[in-house]
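Notes follow once the structure below has been shown.
Every number in this text was worked out from the coordinates using simple rules, so none of it is lab data. This is a predicted model, so every value here is computed, not measured. Here the Cβ positions follow ideal geometry from the backbone for every residue, glycine too, while neighbour counts run over all protein chains shown.
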Amino acid sequence: RHIACIFDLDGVLVDTAVYHYKAWKQLANSMGFDFTEHQNEQLKGVNRMRSLDMILQWGGVEKSAEEKDLLAARKNEWYVAMISKMTEAELLPGSLQLLRELKLKETKIALGSASKNSSLILERTGLTHFFDAIVDGNSVTTSKPDPEVFLKAAELLHARQEDCVVFEDAAAGVQAAISAGMKVVGIGTIENLPGSDLVIKNLSEITVTEIERLKGLNTDK
Ligand code: BG6
Ligand code: MG
């Protein structure tokens with residue numbers, strides 16, 4: 001049995017989490033309030049409309065459905081302006097190397113992201129060709145921590161969920177992976193990613209052999 005790897009995008013493969021934060025912060029500031037970096041952690045992995053709802057709640061602001069659509073569109077315009085200029089330089093440390101190593105070993109690779117902008121980001125950073133399946137915000141109906149995104153990815157890879165390893169930088173994503181019955185490697189800090197089977201700073205800290213060992217499918221030292 002072979003492992004299959006499912007990667008979150010923002011904050012795992014590419015350094016876009018900071019752009020999301022900047023754009024949401026600008027939006028909150030335009031309405032006269034702010035939120036903390038700690039609060040921002042809770043937005044990671046969460047889809048656009050749900051993120052907006054959380055931010056409006058933090059600011060104690062109520063908006064109609066039409067106003068919310070406008071606000072989300074405005075944030076996305078700012079965000080897209082930032083990611084449109086992205087290059088391979090914004091790949092996070094180790095991501096390219098790990099994807100290459102996985103490809104060499106013919107491991108199945110999927111994207112499991114909440115973003116509706118994933119294709120633009122993958123194109124800008126030259127990653128598209130690595131993926132055997134792409135599941136993103138355009139193909140799921142429920143946001144992480146719901147496991148839908150990862151279950152769909154496993155299905156498209158024809159992989160059993162117990163053979164999948166998920167890479168996630170978001171607490172909501174770690175929860176989604178656990179609910180999907182998959183192993184999960186947290187990218188970040190243990191405090192922010194409880195429940196992860198392993199937490200690393202970035203993908204340069206892990207090899208394919210270590211991933212296989214995590215699954216218990218490879219017993220050699
Ligand atoms: C996730 C990010 O990957 O995608 C969230 O962690 C973001 O911060 C979500 O809100 C949706 O992204 P987008 O690009 O569709 O607004
Ligand atoms: Mg992420």
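Structure notes:
- A DSSP coil position with no more than 16 other Cβ atoms inside 10 Å describes the following trypsin sites (Lys or Arg not before Pro) in segment 157-205: Arg160, Lys201.
- Within segment 1-45, the proportion of Cα pairs with more than 11 Å between them is 71 percent.
- Distance (nanometres) between label positions extended 7 Å along Cα→Cβ at Leu104 and Ser204: 1.8
- Sorted by Cβ density within 10 Å, fewest first, the residues Ser30, Ser119, Ser64: Ser64, Ser30, Ser119
- Placing a pseudo-label 7 Å from each Cα along the Cα-to-Cβ vector at Asp146 and Val61 gives an inter-label distance of 2.6 nm.
- Between helix 95-104 and the chain: long-axis angle, C-alpha atoms, 0 to 90°, nearest 10: 40
- Taking the Cα atoms of the chain, the ratio Rg/Rh between the radius of gyration and the Kirkwood radius comes to 0.97.
- Ordering Asp163, Asp136 by the number of other Cβ atoms within 10 Å of each residue's own Cβ, fewest first, gives Asp163, Asp136.
- Each of Val61, Val14 was scored by other Cβ atoms within 10 Å of its Cβ. Arranged with the fewest first, they read Val61, Val14.
- Exceedance of the 30 Å cut-off in Cα-Cα distance is limited, within the set Lys22/Lys144; Lys144/Lys201; Lys116/Lys201; Lys75/Lys215; Lys75/Lys108; Lys103/Lys144, to Lys75/Lys215; Lys75/Lys108.
- Here the contact order of segment 62-130, divided by its residue count and restricted to Cα pairs under 8 Å and six or more residues apart, works out to 45 percent.
- Per principal axis, descending, Cα span of segment 48-90 in whole Å: 39, 19, 13
- P(r), alpha carbons of segment 157-220 - 5 Å bins starting at zero, rounded %: 4, 20, 29, 24, 18, 5, 1
- Segment 103-164: translational diffusion in µm²/s, Stokes-Einstein, Kirkwood Rh over Cα pairs, 20 °C, 1.002 mPa s: 177
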